[in-house]
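Written out below as structure tokens is the structure these notes cover.
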Protein chains: 6
Amino acid sequence: MRIAVFRKAHFNAAHRLHIKDWSDEKNEKVFGVCSNRYYHGHNYELEVKVIGEVDPITGMVIDLKVLKDIIEEKIEKRFDHRNLNEEIEEFKNLNPTTENLCFVIWKILRATLDEKFELFVRLYETPRNYVEYPA
Amino acid sequence: MRIAVFRKAHFNAAHRLHIKDWSDEKNEKVFGVCSNRYYHGHNYELEVKVIGEVDPITGMVIDLKVLKDIIEEKIEKRFDHRNLNEEIEEFKNLNPTTENLCFVIWKILRATLDEKFELFVRLYETPRNYVEYPA
Amino acid sequence: MRIAVFRKAHFNAAHRLHIKDWSDEKNEKVFGVCSNRYYHGHNYELEVKVIGEVDPITGMVIDLKVLKDIIEEKIEKRFDHRNLNEEIEEFKNLNPTTENLCFVIWKILRATLDEKFELFVRLYETPRNYVEYPA
Amino acid sequence: MRIAVFRKAHFNAAHRLHIKDWSDEKNEKVFGVCSNRYYHGHNYELEVKVIGEVDPITGMVIDLKVLKDIIEEKIEKRFDHRNLNEEIEEFKNLNPTTENLCFVIWKILRATLDEKFELFVRLYETPRNYVEYPA
Amino acid sequence: MRIAVFRKAHFNAAHRLHIKDWSDEKNEKVFGVCSNRYYHGHNYELEVKVIGEVDPITGMVIDLKVLKDIIEEKIEKRFDHRNLNEEIEEFKNLNPTTENLCFVIWKILRATLDEKFELFVRLYETPRNYVEYPA
Amino acid sequence: MRIAVFRKAHFNAAHRLHIKDWSDEKNEKVFGVCSNRYYHGHNYELEVKVIGEVDPITGMVIDLKVLKDIIEEKIEKRFDHRNLNEEIEEFKNLNPTTENLCFVIWKILRATLDEKFELFVRLYETPRNYVEYPA
């Protein structure tokens with residue numbers, strides 16, 4: 001019996017949309033106020049979905065305390081109260097859009113979780129704008 | 001890399017469930033209070049999901065400001081503060097159920113969005129009743 | 001020991017902002033799309049707050065099942081799936097703004113609840129617009 | 001035209017994670033505070049998703065009042081204000097994890113709903129922990 | 001400058017409404033399913049409101065991390081995953097209604113917080129039923 | 001008849017807790033990760049409460065479209081996608097805590113609104129941390 005389990009988490013971070021190879025004018029033209037050089041920020045809400053077989057004894061796909069601890073250790077501790085552009089290695093040469101941040105988080109969790117699990121990540125930048133990977 | 005991006009919007013409208021070919025008695029029997037001839041109304045919440053390739057330069061599937069503007073122009077301006085039965089062309093001979101309204105919105109957005117994008121629409125009539133197309 | 005207890009309820013209704021003594025032009029000028037003659041509608045969310053002494057035996061201010069039944073009987077059954085302008089006696093000559101609707105609901109509940117209780121009503125027209133009486 | 005319709009419901013129940021074949025020590029080691037012998041409890045939120053063809057006359061997949069009544073009769077009446085371990089037949093020899101409870105609910109609804117409908121159940125144990133079947 | 005600061009927390013617990021001096025029949029008659037002898041449970045949501053002077057240097061009424069730690073230590077650790085009737089000293093002879101639980105929490109926090117602060121506690125038993133002390 | 005009307009708004013901003021007269025060590029000791037020199041950020045949610053007399057003709061305390069426009073013009077345009085420490089005049093020598101930001105917003109709105117209205121501002125830094133002025 002395959003089932004999906006979900007765990008929510010959150011972190012607060014600063015960022016700006018900015019492509020280093022572009023001029024300031026082009027960044028501002030394409031990204032508008034989102035490219036403000038002094039940054040702005042968000043309360044990111046994260047939804048991690050793990051699909052797997054239910055263990056017939058324990059009745060669980062994965063211990064949610066274990067999943068919670070993985071998310072805290074690998075994601076929240078790393079991104080919370082950080083500036084994505086300035087302090088997160090993956091964004092040194094990558095624009096920190098919600099799409100890219102979602103994919104970066106997915107890769108980190110994918111490398112941590114057992115291969116037997118399918119993994120999906122949904123990331124809310126605001127309650128009205130969010131993304132999901134894989135689609 | 002394919003990813004899904006979501007944008008939420010909302011509009012307030014009046015409607016009644018009513019099939020013109022049916023007698024008032026049959027409408028009331030099938031649809032109950034929802035067929036009240038003086039109408040009732042809802043705060044409709046709309047979730048638009050667009051799946052596409054992430055642009056490797058900008059890191060975006062679609063500029064969410066562009067998507068927001070499309071939804072405002074094509075959906076919110078057209079349906080907000082309207083009576084679906086009386087004022088919306090598509091419902092002149094179509095029962096304005098949440099299912100039909102969701103499909104009408106999907107068709108409008110589908111005709112506007114580039115074909116390279118997949119499109120899904122979720123429509124909340126109330127926080128407890130909602131539909132999604134395609135399923 | 002005085003304590004406040006809250007109970008939430010909801011109903012869906014149609015309305016338009018419209019003052020009968022005014023011309024259509026003046027109604028439209030003052031109330032804009034809210035005065036649309038074909039109506040629009042809302043999912044109204046209602047929060048009823050009752051303050052009273054905690055009964056030292058039962059540990060309750062008021063049985064919340066009783067309060068729930070009063071709200072259902074006096075408010076939800078009367079307003080749900082109705083057109084406020086056309087079907088609700090109190091709005092025959094009263095503009096159905098959220099302020100007036102909140103006060104009408106407060107009066108109905110005030111007449112039903114024991115005088116020993118203080119009563120406050122908060123009414124959400126949308127998640128972003130709401131009122132509270134008494135202030 | 002196939003579309004998905006959703007209906008939300010809720011119930012409050014007590015439970016503990018506990019496997020009868022295991023010692024108390026093993027239960028506590030694996031499930032921690034969730035295995036507390038005096039139980040704890042949750043406000044379970046239930047989301048039922050039904051996929052089917054939209055009836056071309058009524059414009060509905062299924063009458064949501066009918067779906068609401070099925071959920072009330074088969075799920076809410078049966079689980080609300082109950083102790084899952086002590087009072088629910090299905091958990092006499094089954095650990096009442098969210099995964100197992102979700103599957104039990106799915107089976108009950110599957111046996112009630114017409115075969116022409118696809119059925120999915122999402123169950124929230126808390127706003128941060130939830131599961132979905134089928135995945 | 002006096003300002004109010006709020007902090008939210010939550011815990012999951014089992015309980016039943018039950019007065020020891022009453023017969024089972026009377027308990028069931030007055031409290032209905034809430035008196036089920038096998039218990040039921042809730043995800044309690046707690047809102048703590050502290051009013052005080054803003055420190056002119058730090059710009060804070062109280063360090064919210066300190067307030068968060070107090071709530072965790074004194075409330076969440078004590079009530080989470082517990083049976084209020086069976087395991088919480090204060091309810092040995094007190095009916096664990098939301099009113100009484102709110103007051104018990106207020107007393108614990110009041111004894112911990114500096115006297116210079118005003119304190120209010122709001123406790124949600126469900127999203128639709130909640131109480132606040134003092135009123 | 002006095003009644004309270006509420007309007008919600010939101011903006012996204014970056015900030016850090018930082019007192020210029022203090023050393024970096026002291027700032028970090030007192031404010032922890034919140035003092036990160038590269039900033040972090042939030043989706044601020046704003047609730048504006050205006051108390052006044054209901055106009056006996058229009059049935060409104062204040063036209064909510066007018067209130068919405070004031071908040072957009074004076075608050076959202078000024079704070080959205082900004083860095084509070086670097087770009088907002090009022091925080092050149094003031095720590096941008098939620099308390100101080102709430103008071104700054106209250107002062108701006110107070111100077112704009114007619115004196116006949118009472119004004120209260122609630123500001124959410126996160127869904128779990130928020131403040132209200134006046135208390």
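Bear in mind that the values in this text are calculations on the coordinates, not laboratory data. Computed from a predicted structure; not experimentally measured. Cβ sites come from the backbone with ideal geometry, for glycine too, and all protein chains shown count toward neighbours.
Among residues that are more than 29 Å from D:Glu72 (Cβ to Cβ), among the hydroxyl-bearing types (Ser, Thr, Tyr) and either under 22 Å from the mean Cα position of the chain (by Cα) or buried (at least 21 other Cβ atoms within 10 Å of the Cβ) (or both), D:Ser23 is not included.
When you scan region F:120-135, do you find a residue that is of a type outside the set (Lys, Arg) and over 27 Å from E:Lys8 (Cα atoms), even just one? Taking every residue of region F:120-135 in turn, none turns out to be of a type outside the set (Lys, Arg) and over 27 Å from E:Lys8 (Cα atoms). Applying a threshold of 8 Å to beta carbon distances and a minimum spacing of six or more residues, or different chains, the list of pairs starting in region F:111-123 at a residue that is in contact (Cβ under 8 Å) with a residue 40 or more places away in the chain and within 12 Å of F:Leu67 (Cα to Cα) and ending at one that is among the aromatic types (Phe, Trp, Tyr) and buried (at least 18 other Cβ atoms within 10 Å of the Cβ) reads F:Leu119/F:Trp106. Would you mention how many residues in region E:61-96 are part of a loop (DSSP other than H, G, I, E, B) and either in contact (Cβ under 8 Å) with a residue 24 or more places away in the chain or of a type in the set (D, E, K, R) (or both)? Qualifying residue count for the region: 9. On the stretch given as region B:18-36, residues that are outside any helix (DSSP H, G or I) and in contact with a Lys or Arg (Cβ under 7 Å, 6 or more places away or on another chain) total 1. Among the residues making up region A:18-37, those that are touching a residue at least 12 places away in the same chain (Cβ under 8 Å) and more than 20 Å from B:Val61 (Cβ to Cβ) are A:Lys20, A:Asp24, A:Asn36, A:Arg37. Scanning region F:111-135 for residues that are outside any strand (DSSP E or B) and either of a type outside the set (Lys, Arg) or more than 7 Å from chain E (Cβ to nearest Cβ) (or both) yields F:Ala111, F:Thr112, F:Leu113, F:Asp114, F:Glu115, F:Lys116, F:Phe117, F:Pro127, F:Pro134, F:Ala135.
Conditions tested, residue by residue: (1) under 26 Å from B:Leu17 (Cβ atoms); (2) in contact with a strand residue (DSSP E or B) (Cβ under 8 Å, 6 or more places away or on another chain).
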{"position": "C:Arg82", "(1), (2)": "yes, yes"}
{"position": "C:Asn85", "(1), (2)": "yes, yes"}
{"position": "C:Glu89", "(1), (2)": "yes, no"}
{"position": "C:Thr97", "(1), (2)": "no, no"}
{"position": "C:Asn100", "(1), (2)": "no, no"}
{"position": "C:Glu115", "(1), (2)": "no, no"}
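Just to verify a result, which residue in region A:38-59, among those that are facing chain F (nearest Cβ under 9 Å) and not in a strand (DSSP E or B), is surrounded by the most Cβ atoms within 10 Å (Cβ to Cβ)? Of everything passing the filter in region A:38-59, A:Tyr39 is surrounded by the most Cβ atoms within 10 Å (Cβ to Cβ). Taken together, the residues in region E:64-79 that are surrounded by fewer than 17 Cβ atoms within 10 Å (Cβ to Cβ) and more than 13 Å from the chain's Cα centre (by Cα) amount to 4. Counting only residues that are within 9 Å of chain D (Cβ to nearest Cβ) and farther than 21 Å from C:Asp55 by Cα, region E:76-107 holds 6 of them. The sole residue among E:Phe6, E:Phe11 that is touching a strand residue (DSSP E or B) at 6+ places or on another chain (Cβ under 9 Å), within 14 Å of chain D (Cβ to nearest Cβ) and outside any helix (DSSP H, G or I) is E:Phe11.
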